[in-house]
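The values are calculated or read from the model by the stated rules, or taken from the named source; none is laboratory data. Remember, predicted model here, so these are calculated numbers, not experimental data. Counting neighbours? That spans all protein chains shown, and the Cβs are built from the backbone with ideal geometry, glycine included. Side chains are part of the model used for accessible areas, which takes the heavy atoms of the whole protein and leaves out ligands, DNA and RNA. Shrake-Rupley method; radii C 1.70, N 1.55, O 1.52, S 1.80 Å.
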Amino acid sequence: MTGSGAGTEEGAATNAMWGGRFADGPSAIMREINASIPFDKALWREDITASKAHVAMLGACGIVSGEDAATISAGLDKVAAEYEAQGVPENWDLEDIHMTTEARLAELVGPVAGRLHTARSRNDQVATDFRLWVRGAIDAMDGSLAGLQRALVTRAGEHADSIMPGFTHLQTAQPVTLGHHLMAYYEMFRRDRSRLADTRARMNECPLGSAALAGTGFPIDREATAQALGFYAPTANSLDAVSDRDFALDFLWSCSATALHLSRLAEELILWASQPFGFIRLPDSLSTGSSIMPQKKNPDAAELVRGHSGRVIGNLTSLMITMKGLPLAYSKDMQDDKPPVFEAASLMELSIAAMTGMIAGSTFNSERMRAAAELGYATATDLADWLVRVADIPFREAHHITGSAVKLAESRGLALDQLPLEDLKAIDERIDERVYAALSVDASVAARASFGGTAPEQVRLQVARARYSLGMEE
């Protein structure tokens with residue numbers, strides 16, 4: 001009996017084997033797993049730009065006629081205008097942005113569109129497009145980091161004299177200024193921008209013309225396309241050019257390092273905004289309330305910046321593992337290079353913007369910070385330094401004397417500079433009234449006037465240097 005029942009059983013068996021979404025079997029699975037247009041459509045601007053440079057070179061070299069080159073270039077402009085206005089269509093049968101663009105070009109200008117792909121492959125095409133995209137992402141991220149630095153420098157200048165506790169092990173260590181603390185993050189982001197600059201310089205070679213893997217037999221001018229696309233030179237080895245994704249890994253490493261710094265700053269803002277600290281009030285626009293506790297003001301933006309760092313680092317790990325075992329040259333695994341890069345760039349853009357807003361819009365409670373610095377015996381090191389400098393006591397002995405003074409102050413609930421002189425002299429008779437000049441938090445920070453120290457004069461010097469570096473008007 002071979003009626004509809006048999007057909008139904010066969011269909012059920014097919015679905016059981018391939019899954020409910022893939023009624024057509026392996027071909028449906030291949031179509032979906034092979035298509036990259038859902039994500040690589042983000043490269044459409046770079047694809048159009050690189051294609052125009054390529055066809056202009058083909059025309060200049062006489063590989064295609066000048067008329068055909070002009071027709072193709074004008075057609076690409078029309079495709080770009082459509083994409084800009086309507087978005088990129090997703091026809092999975094065309095697989096990717098390259099075939100999608102070429103198919104639409106053929107609809108607009110006819111068979112002459114087929115000449116565009118002369119002397120190139122999708123391998124060097126995607127390598128070029130992806131480099132162009134990453135280069136643009138680097139420039140955008142660098143600009144965003146410069147904006148964050150400007151916010152930090154501005155607030156540091158406002159708080160060059162504001163005293164707060166400096167911590168080690170999250171225990172009060174020595175008094176510092178808020179300006180000094182904020183400038184520490186300026187330095188971190190300065191290094192991050194330096195990493196981005198290194199990445200940009202190292203990646204700025206043009207793969208176009210490498211073709212599939214071995215180069216091309218056409219008499220192309222790779223210097224011309226490299227120059228037209230803003231690269232300083234063409235890549236020197238066609239095998240390496242189509243299979244290299246170091247530039248993407250370098251970018252993801254730069255993103256990861258920056259994300260770590262953003263996460264550290266976010267963590268401090270979260271701590272400072274908590275009631276036990278009370279150092280800072282975050283802007284309402286970057287905070288949320290509680291659905292049940294009306295007194296709550298949650299630092300959600302900072303927490304999400306902290307959380308995003310894990311996703312960014314995961315993107316780096318993902319691509320490293322994808323690339324670790326690939327032989328030369330191109331393998332289809334490399335199609336998975338773009339989603340982690342795209343996601344990381346998007347997360348970094350959002351995280352940097354959120355952090356810039358928090359730094360620029362927060363209100364710092366200088367009085368609360370100063371009080372915390374005064375309560376934590378943060379000037380203990382200053383007492384030890386005074387004993388070494390003025391009383392000529394070896395540091396290890398001075399350290400022991402200071403510990404005894406802190407223990408006494410703790411037992412009486414006093415700050416070090418509130419201990420009577422007779423009590424200090426009872427600990428060590430070499431202490432005299434001059435010690436009090438060293439025991440205030442103001443004296444402590446003022447004494448740290450070595451280059452890069454926390455003294456207000458040093459903070460102002462570093463702020464001035466940073467403002468100059470950032471091109472900020474005085």
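Over the residues of the chain, the helix contribution to mean residue ellipticity at 222 nm works out to -21000 deg cm²/dmol, using -39500 (n - 2.57) for each DSSP H run of at least 4. Distances between placed amide hydrogens fall under 5 Å for Ala173 paired with Gly166, Phe167, Thr168, all partners being 5 or more residues away or on another chain. The label-point distance for Asp240 and Asp442, in a model that sets each label 7 Å from Cα toward Cβ, rounds to 6.2 nm.
For the range 273-287, 3J(HN,Hα) computed residue by residue from phi via the Karplus equation (6.51, -1.76, 1.60; θ = phi - 60°) reads 7, 6, 4, x, 8, x, 7, 8, 10, 6, x, 4, 5, 10, 10 Hz, glycine and proline entered as x. Scalar couplings 3J(HN,Hα) for the range 449-466, obtained by applying the Karplus form with A = 6.51, B = -1.76, C = 1.60 to θ = phi - 60°, are 9, 5, 4, x, x, 8, 3, x, 5, 6, 4, 5, 4, 5, 4, 4, 4, 5 Hz; x denotes Gly and Pro. Once the Cα atoms are used to define both axes, helix 66-86 deviates from the longest principal axis of the chain by about 60 degrees. With respect to the chain, whose longest principal axis is taken over its alpha-carbon atoms, helix 380-389 is tilted by about 60°.
Charge tally for Val55 (other residues, Cβ to Cβ under 9 Å; Lys, Arg +1; Asp, Glu -1): +1. Neighbours of Arg222 by Cβ distance under 15 Å: Lys/Arg scored +1, Asp/Glu scored -1, total -3.
Mind jotting down the distance between the C-alpha centroids of the range 83-138 and the range 297-359, whole Å? Using only Cα atoms to place each centre, the spacing works out to 25 Å. Axis angle, to the nearest 10 degrees, between helix 366-375 and the longest C-alpha principal axis of the chain: 60 degrees. Relative to the current alpha-carbon distance between Glu457 and Leu414, full extension at 0.36 nm per residue lengthens the span by 12.5 nm. Using a probe of 1.4 angstrom and keeping all protein chains present, the accessible surface of the range 236-372 works out to 46 square angstrom per residue.
Each Lys and Arg contributes +1 and each Asp and Glu -1, all at the Cβ; summed about the Cα centre of the range 376-465, the dipole is approximately 400 debye. Net charge of the neighbourhood of Asn204, taken over other residues with C-beta under 9 Å away and scored Lys/Arg +1, Asp/Glu -1, is +3.
For the range 402-412, putting each phi into the Karplus relation 6.51 cos²θ - 1.76 cosθ + 1.60 with θ = phi - 60° gives couplings of 4, x, 5, 5, 5, 4, 5, 4, 4, 5, 9 Hz, in residue order, rounded to whole numbers and with x for Gly and Pro. Given a Förster radius of 56 Å and the C-beta distance between Ala85 and Gln275 as r, what FRET efficiency does 1/(1 + (r/R0)^6) yield to the nearest 0.05? Approximately 0.60, to the nearest 0.05.
Tally up the carbon and sulfur contribution to the accessible surface of the chain as a whole percent, 1.4 Å probe, everything protein left in place.
Details: 12110 of 22640 Å².
The C+S portion of the solvent-accessible surface of the chain is 54 percent.
Look at the alpha carbon pairs under 8 Å that are at least 6 residues apart: their mean separation over the length of the range 150-206 gives a relative contact order of 31 percent. Which FRET efficiency value, to the nearest 0.05, is calculated for Ile33 and Ala74 with the Förster distance at 45 angstrom and r the Cβ-Cβ distance? Efficiency, from the Cβ-Cβ distance: 0.80. Computed from label points 7 Å out along Cα-Cβ, the spacing between Arg311 and Leu108 is 3.4 nm.
Which FRET efficiency value, to the nearest 0.05, is calculated for Arg389 and Ala464 with the Förster distance at 30 angstrom and r the Cβ-Cβ distance? Before the final figure, lay out the partial values.
On the way: r = 29 Å, r/R0 = 0.98.
So the FRET efficiency works out to roughly 0.55.
Near the amide H of Cys206, within less than 5 Å, lie the amide hydrogens of Ala233, Thr235, all on another chain or at least 5 residues away, with H placed in the peptide plane. Set against the labelled values (i) 104, 67, 40; (ii) 79, 55, 43; (iii) 62, 60, 56, Cα extents along the principal axes in Å computed from this structure falls on (i). Close Lys pairs in the chain, defined as Cα atoms under 30 Å apart and 8 or more places apart or on different chains, number 12.
Extension gain for the segment Gln171 to Glu223, taken as residue separation times 0.36 nm less the Cα-Cα distance, is 12.8 nm to one decimal.
What percent does the relative contact order of the range 376-465 come to when contacts are Cα pairs within less than 8 Å and at least six residues apart? Could the numbers behind the result be given before it?
Numbers: 80 pairs, mean separation 23.4, N = 90.
Value for the range 376-465: 26 percent.
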